[in-house]
Each structure stands twice: as C-alpha cells, then as structure tokens.
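A quick write-up on the structure given underneath.
FYI, it's all coordinate maths here, none of it is from the lab. Not measured: the values here are computed from a predicted model. Methodologically, a virtual Cβ is constructed for each residue, glycine included, from the backbone with ideal geometry; neighbour enumeration extends over all protein chains shown.
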Amino acid sequence: MSDMSFLSWPFFDDRHRKLGGEVEAWARTNLVGLDHHDVDAACRDLVARLGRDGLLAHTAPDDQGGTIDVRSLALIRETLARHAGLADFVFAMQGLGAGPISLFGNGEQRKEWLPKTRAGKAIAAFALSEPASGSDVANLATTATRDGNGYLIDGEKTWISNGGIADLYVVFARTGEAPGARGLSAFIVRGDNPGLKIAERIEVIAPHPLARLSFENCRVGGDALIGKAGEGFKIAMATLDVFRTTVGAAALGFARRALEETVKRAAKRELFGAPLAELQMVQGHIADMALEIDAAALLVYRAAWTKDKGAERVTREAAMAKLYATEAAQRVIDAAVQLHGGDGVRSGHPVEALYREIRALRIYEGASDVQKVVIARSVLAGTRP
Ligand code: COS
C-alpha cells in the first residue's frame with residue numbers, strides 16, 4: 001500500500017481525502033491484469049469504465065458551468081498512474097482533449113460535448129503539434145480559411161494522442177488575424193469529418209493510440225470555432241497551464257510505484273548475507289528517491305492548489321511542477337531499475353514498464369527544455385525595464 005499521508009497536507013480538503021481513497025479502491029478492482037494486446041480496444045474499454053463509474057466527471061465541469069478542480073485531477077492521475085499507465089493516459093486525454101471546450105467553449109459546445117466526454121461516450125483529442133512546430137506553437141502552419149459561414153482546414157498534425165480513436169479533435173489552425181501567436185484559432189472537428197484522415201499510426205515505447213493526421217478541405221461550420229478567432233494561442237496555453245500540473249502528478253504516481261517496488265525488493269532480496277535494505281549504498285538510493293518524490297509532490301500540489309484557489313495564471317507554477325516531477329521520476333525509476341538488477345530490464349516487470357512509461361512525459365505537453373524557458377521568462381519578467 002502506497003504512503004497516502006500526503007493527503008493530510010493543507011493543500012487538500014476532506015473531499016480530496018475521500019476521493020483519494022475511492023480512486024485507490026477503484027484502481028485495485030479495475031486495473032488488475034489489463035490486456036494491452038489491442039491498445040485501441042483497451043483504451044475504449046477504460047474510457048467506458050472510467051465514465052460509467054464517475055471518474056471522468058472530474059475531467060470537465062458539467063455543461064451548466066463550474067470549474068475544473070485541479071487537485072482532484074492530480075490525485076486521480078497520480079493514483080491511476082501508480083496502478084496502470086494506460087488508465088492514466090485515457091483519463092488525462094479526456095481532460096486535455098475536452099479542455100479548450102471546458103475552459104473556453106460556449107453554452108452550445110459545452111452542452112453538446114461535455115456530457116459525452118464525462119460519461120465516456122465520446123473520446124477527445126488535442127491536436128496542436130505539427131511536423132515542423134511542436135515546441136514553437138506560434139509558428140504552426142495548418143490553416144483555417146473562411147468559407148461561407150464556416151472554415152476549411154488544411155494541413156498536418158502529428159503526435160496526436162487518441163488519434164485514430166477520437167470522436168472529437170480540438171484543432172489549432174492559423175486564421176491570420178495577425179502574424180504569429182495572435183493569428184491562431186481553435187476548432188472542434190468531429191472524428192468522422194471526411195476532410196480528416198489518419199495519415200499514420202505511430203508506435204511508441206509505451207504503446208497508446210497516437211497518430212499523424214492530415215486535413216484536406218476539412219470543412220467545419222462557424223459554430224466549431226472555440227472562443228474568438230485569433231484567440232487560439234492563448235486557449236492552447238491556458239489549457240496546458242491546467243493540464244501540465246497533472247502531467248507532474250502522473251510522473252509522481254510512476255515514481256511512487258517505483259519506490260514501492262524497490263522497498264519490497266530491498267526487504268526480501270539478500271546480498272552479502274543480509275537484506276539489500278541493510279546496505280548503506282542502497283539506503284542512500286532509497287533516501288534520494290523518497291526525497292525527490294516529496295519535493296515533486298509539494299510542487300505538483302502547490303500548483304494545483306494555486307489554480308483551484310482562483311489564480312488567473314499558473315504558468316510558472318505548472319511549468320515547475322511538470323519539469324521537476326517528470327525529471328525526478330525519471331531519476332527515481334532509473335534507480336529502481338538499477339536496484340532490481342536483471343529483473344529491472346525484464347519485459348513485463350513493473351519497473352521495466354515504468355522505465356518505458358516515464359520517458360514521454362519529459363517531452364509531451366511542453367518538453368523539459370520549454371518549461372525551463374517558461375520559468376526563466378517569468379523570473380526575468382520582473383527585471384526588465
Ligand atoms: N496563458 C495565457 N496567455 C498566454 C500564456 C498562458 N500560459 N502564455 C503566453 N500567453 C500569451 C502572452 O501573454 C502573449 O500575449 P500578448 O501577445 O497579448 O502579449 C501571447 O500569448 C504570446 O506569448 P509568447 O510571446 O510567450 O509566445 P511564444 O511564441 O514566445 O511562446 C512558448 C513560447 C515556448 C512558451 C510556447 O510556444 C510553448 O509553451 N510551447 C510548448 C508547447 C507545447 O506544450 N507543445 C506540446 C504540444 S501539446 S502535447
């Protein structure tokens with residue numbers, strides 16, 4: 001059983017403590033022996049179950065309004081990630097994919113999509129990255145040109161999670177109100193739009209649905225526009241501000257699992273006539289792992305709490321949480337692999353799976369290098385004339 005004492009920290013309310021216990025119980029019943037053989041089918045099944053049992057209700061406010069509670073999202077991601085990376089992926093993508101609609105959609109858009117994404121009856125995707133612009137969002141090349149009452153979208157998106165199985169894609173495209181960041185807009189594109197093609201399915205080291213998409217004369221109505229034309233960059237960034245903190249939370253879940261597995265092994269496995277746990281070299285690793293986990297948890301829940309308490313921007317807090325928690329989890333998991341010896345790299349062992357799962361988190365939703373730029377800019381902003 002993982003150490004849940006952090007739930008008594010002042011960042012949380014009683015409803016979070018209750019939620020933490022409920023999600024743990026759900027994961028223990030639902031995430032044992034997941035079949036990853038057909039990853040699309042596994043994801044569809046997980047979306048349906050997470051929706052049926054009310055967990056996806058946390059990924060978006062209901063269509064009547066309300067806000068997303070980032071601490072709840074973070075707690076759920078942390079717990080799911082500790083049990084099964086694919087369940088965390090499914091949960092996270094429902095939130096990020098529907099995020100621009102939850103945060104900026106109008107009444108009609110919210111009414112049409114959020115009840116379905118919350119119930120697990122529609123799968124959502126966030127289509128921002130392109131072959132030539134992943135980190136440099138302001139430079140994206142996909143266009144949306146006015147056509148009567150609607151728009152025609154043309155271009156390519158890549159590294160799109162849920163690509164191939166999503167019912168709805170939020171697509172960012174250049175509408176040209178101004179150069180750069182001020183000339184982008186966000187659109188809702190249905191998965192069955194004939195102008196949208198799955199150009200390639202992409203295989204990665206921790207398998208999940210991922211694709212390159214192509215848009216050719218992809219027609220959407222004027223009602224597909226989220227917010228106002230020209231607001232796409234800010235919509236993307238503000239959505240990422242909410243969800244980057246939760247990437248840190250998922251990393252935290254992976255790191256906690258790595259420590260749990262290591263502690264179990266250190267107590268059981270004998271070396272030089274005593275359990276591993278009695279070797280000071282091993283104790284040094286375990287101390288470093290525990291320290292990095294607590295430091296990451298403090299940054300993740302600080303960012304989530306700050307947003308929930310009404311801060312207008314949490315760009316810096318979210319960047320710090322994502323950067324530190326993902327980098328620390330990589331170090332923690334690497335140490336876990338080392339302390340497991342050959343078992344650490346044996347296919348199917350929990351720490352081997354964690355080693356594959358963690359790597360992408362340092363890249364997606366803003367690579368570690370981008371988070372450093374974001375943090376440094378916010379620190380330097382106060383020093384500029
Ligand atoms: N929330 C609201 N507004 C924001 C914002 C945020 N988090 N970040 C920037 N903005 C606003 C700025 O205030 C600025 O507004 P004004 O033009 O009114 O002054 C505008 O957006 C442009 O901002 P900026 O000049 O910082 O844009 P840059 O092109 O320099 O941004 C980075 C650079 C690297 C920070 C940005 O492109 C980024 O975060 N890239 C990573 C994207 C990513 O996560 N990709 C992965 C895809 S999703 S898996």
key: Zone residues, the range 64-78, relative to Ala119, backbone N less than 17 Å from point 7 Å out along Cα-to-Cβ   = 64-65
message = Quick check on packing: order 4-16, 83-95 by the mean number of other C-beta atoms within 10 Å, highest mean leading.
response = 83-95, 4-16
inquiry  = What do you get for the angle between helix 280-308 and the principal long axis of the chain? Use alpha-carbon atoms, 0 to 90 degrees, nearest ten.
reply    = 30
query = If packing is taken as the mean number of other Cβ atoms within 10 Å per residue, what is the order of 66-72, 322-328, highest first?
reply = 322-328, 66-72
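Using the number of other C-beta atoms within 10 angstrom as an exposure proxy, rank Lys264, Lys307 with the fewest first.
So the ranking, lowest neighbour count to highest, is Lys264, Lys307.
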inquiry  = Between Trp9 and Arg146, what is the label-point separation in nm under the 7 Å Cα-to-beta-carbon projection?
reply    = 5.0
message = Compute the distance from the alpha-carbon center of the range 217-241 to that of the range 278-321, in whole Å.
response = 32
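Please work out how many pairs of lysine residues in the chain are eight or more positions apart (or on different chains) and have Cα atoms closer than 19 angstrom.
Values: Lys111/Lys121; Lys111/Lys228; Lys157/Lys197; Lys157/Lys234; Lys234/Lys307; Lys307/Lys322; Lys322/Lys372.
Within the chain, the lysine pair count is 7.
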ask   = By how many nm would the segment from Arg17 to His36 lengthen if fully extended, with 0.36 nm per residue of separation less the alpha-carbon distance?
value = 3.8 nm
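So what's the back-of-envelope 222 nm ellipticity for the chain, counting only DSSP H runs of four-plus at -39500 (n - 2.57) apiece and dividing by all residues, rounded to 500?
That comes out to -17000 deg cm²/dmol.
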remark   = per DSSP, antiparallel bridges as share of beta bridges in the chain, % nearest 5, sits at 85
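Taking the Cβ of Gly183 as the center, what net charge do the other residues with Cβ under 10 Å away carry, scoring Lys and Arg +1 and Asp and Glu -1?
Details: positive: Arg174, Arg182; negative: Glu177.
Here the charged neighbours net out to +1.
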task = In debye, nearest 20, what is the charge dipole magnitude of the range 117-171 about its Cα centre with +1 on Lys and Arg Cβ and -1 on Asp and Glu Cβ, if you could check?
result = 300
inquiry  = Placing +1 on the Cβ of each Lys and Arg and -1 on the Cβ of each Asp and Glu in the range 337-385, which of Val370, Leu380, Ala353 has its Cα farthest towards the positive end of the resulting dipole?
reply    = Leu380
key: For the chain: rounded, prolate or oblate by the Cα gyration tensor [a/c cutoff 1.5]   = prolate
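Using a ≥ b ≥ c from the Cα gyration tensor of the range 1-112 (square roots of the eigenvalues), is it rounded, prolate or oblate, where a/c under 1.5 gives rounded and otherwise the larger of a/b and b/c decides, a/b for prolate? Mind dumping the intermediate values first?
On the way: a/c = 2.32, a/b = 1.12, b/c = 2.07.
Because a/c hits 1.5 or more and a/b fails to exceed b/c, the range 1-112 counts as oblate.
So for each of 139-148, 250-259, 348-357 I average, over its residues, the number of other beta carbons within 10 Å; can you give me the resulting order with the highest mean first?
Values: 139-148: 16.5, 250-259: 28.0, 348-357: 18.8.
Highest-to-lowest ranking by the protection proxy: 250-259, 348-357, 139-148.
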